[in-house]
Amino acid sequence: RGGTREVMRAGTMPDFPRLSLFGVVPVVVLLLLASVTGGVGADEGDEVSSSSSSSPSWWHGPDPPEGEPTEHEREMFHERTPSCIVCQRAVHYLDENLLVKILDERAKDRSVNDPANYGRIEAIVEDEVSKVCSASGIQLDKKLRQRCDDMLERYEDALVRAWYDRSSQDDDWNMNWRICAKKHGLLKVCPTEIARFDVPQLDHLEQEVKLEELRSPVREGGEGGRKRVRYQTQAGRAKLARAGSGEMHVLNGRDFHARVIAGADTDALVYFAFANTHPRTHRGTMRTLKRAALAFRDENVKGRHHVAVSVIDVERNEIPHPYGSHVKGPTVILYPAGDKHSPRMLPMRGGVRGRDDEEAAPTLGDVLALLNKRGGNAYTRYAAGKAFVEAEQHELEGSGRFRDHDEL
């Protein structure tokens, strides 16, 4: 892949020797053959430079059929092979992570003709493709993780080229169709009936699969064995605080969707904790969030939560796909009431990426400002604003992060 990319980085084409009349005919013949076969001397798996951004050389298929999933297609989706699952979850991961980074990079004030742009974009693509097996929907399943490793070993260069082509233009390609479809996709691992779905449809169907698994636990050791859910979760039920009590929920993987996503009228602020690998950050974050939860203590609140502050131990729980696919370390996310599929991330402090320190935890001011500005219901915004005004300055600036040890 080096030759094509070096030309792209340089922004110029190499000089070719002049051809005599006797050299023209063989070249014309070779070019005609290239137009039919996709490249002169191209073996299976070789990269061939694209002639245009809208029609790359690795893609020769039709546009995908459109429409909502049928019941038959839903059944096919539930019965996917591991290779198909990995391909579609990889597409979802890259659409969610890679394309956002590319948009940010392209929005920077640089000349379009700057040759250095090629290197920057390509480096982002290569980095994200190499990390695709870390998506929680793949990483936490041993069989899927192995299939993903195999996929990268065989096709990483081709995937980088495909996603580079996707990132270099503005058309909304269906990468599930172009990468995963059996008949004409790059990897040829998914039936065309379910390879046609775009990313929002994949997202919705993945949620359906996860909810079905929650309703249908499997038994260990045959019919007489104890029941367990199909993915990693802590034992027991979530520890739920009473509405208006000013306390935090402690969630597990099994209850995440019901308590965070399904509660459409509740502003759900969730801390994804890594208590063992980031103990100091964890302690500081828990102190901040416990203090923030107190701001919503209200004896007049009965029955349902207007705002719920929760913690879930990511090291012992799988977060239902796709909500945890982007969580790689301590993270605080707000799922606003009425708009659960547009979460808001609260950046951690500290400056150095991955640093384990109480100062890396958010401050009380950070949390209350997020809820006041982005809360989905009026009660949350009002209560957060009131608490912000009434809090001591040193609290807002994070002095509460440095108290005695707190556990999950």
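The values are calculated or read from the model by the stated rules, or taken from the named source; none is laboratory data. Bear in mind the structure is a predicted one, so any value in this text is a computation, not a measurement. Because the Cβ atoms are built from the backbone with ideal geometry, glycine has one as well, and the counts that use them run over all protein chains shown. Remember, those area values only see protein heavy atoms, side chains included, never the ligands or the DNA or RNA. Shrake-Rupley method; radii C 1.70, N 1.55, O 1.52, S 1.80 Å.
Every residue, every condition in (1) at pLDDT 80 or above; (2) part of a loop (DSSP other than H, G, I, E, B); (3) under 30 Å from Leu202 (Cα atoms), yes or no:
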position	(1), (2), (3)
Tyr323	no, yes, yes
Val332	yes, no, yes
His341	yes, yes, yes
Met345	yes, no, yes
Gly350	no, yes, no
Gly354	no, yes, no
Glu359	yes, no, no
Asp366	yes, no, no
Leu370	yes, no, yes
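Right, Arg89: touching a Pro at 6+ places or on another chain (Cβ under 6 Å), part of a helix (DSSP H, G or I) and more than 15 Å from Leu186 (Cβ to Cβ) or not? Taking the combined requirement at face value, the residue does not satisfy it. Within the range 253-286, the residues that satisfy the criterion of being touching a Leu at 6+ places or on another chain (Cβ under 9 Å), outside any loop (DSSP other than H, G, I, E, B) and open to solvent by 20 Å² or more (accessible area, probe 1.4 Å) are Arg254, His257, Ala258, Arg259. Taken together, Arg237, Arg230, Arg242, Arg219 contain a single residue that is surrounded by fewer than 18 Cβ atoms within 10 Å (Cβ to Cβ), within 25 Å of Glu395 (Cβ to Cβ) and modelled with pLDDT under 85, which is Arg242.
All conditions but one from (1) open to solvent by 30 Å² or more (accessible area, probe 1.4 Å); (2) more than 25 Å from the chain's Cα centre (by Cα) apply to Arg344; the one that does not is (2).
Are any residues in the range 152-183 of a type in the set (A, V, I, L, M, F, W, C) and in contact with a Cys (Cβ under 7 Å, 6 or more places away or on another chain), and if so, which ones?
Leu152, Ile179, Cys180, Ala181
In the range 273-289, the count of residues that are under 22 Å from the mean Cα position of the chain (by Cα) and free of Cβ contacts under 8 Å to residues at least 24 places away in the same chain is zero. Can you name the residue in the range 173-191 that is in contact (Cβ under 8 Å) with a residue 60 or more places away in the chain and part of a loop (DSSP other than H, G, I, E, B) and is also surrounded by the fewest Cβ atoms within 10 Å (Cβ to Cβ) among such residues? Only one residue fits best here, namely Lys183. Got at least one residue in the range 90-106 being open to solvent by 70 Å² or more (accessible area, probe 1.4 Å) and at pLDDT 85 or above? Among the residues of the range 90-106, at least one is open to solvent by 70 Å² or more (accessible area, probe 1.4 Å) and at pLDDT 85 or above, which makes the answer yes.
Scanning the range 196-208 turns up no residue that is assigned to a strand (DSSP E or B) and among the aliphatic types (A, V, I, L, M).
Between His249, His306, the distinction of being open to solvent by less than 30 Å² (accessible area, probe 1.4 Å), in contact (Cβ under 8 Å) with a residue 40 or more places away in the chain and within 26 Å of Gly398 (Cβ to Cβ) belongs to His249 only.
Cβ-Cβ distances below 7 Å connect the following pairs, each with a first residue in the range 133-162 that is farther than 21 Å from Leu186 by Cα, a second residue that is assigned to a helix (DSSP H, G or I), and a separation of six or more residues or different chains: Gly137/Arg89; Gln139/Cys133; Gln139/Arg145; Lys143/Pro82. So for the range 387-402 (the condition being out of contact with any strand residue (DSSP E or B) (no Cβ under 6 Å at 6 or more places or on another chain), at pLDDT 85 or above, within 24 Å of Ala264 (Cα to Cα) and open to solvent by 30 Å² or more (accessible area, probe 1.4 Å)), does at least one residue qualify? No. For the range 131-148, which residues satisfy the criterion of being assigned to a helix (DSSP H, G or I) and open to solvent by 70 Å² or more (accessible area, probe 1.4 Å)? Scanning the range 131-148 gives Gln139, Lys142, Lys143, Arg145, Gln146, Arg147.
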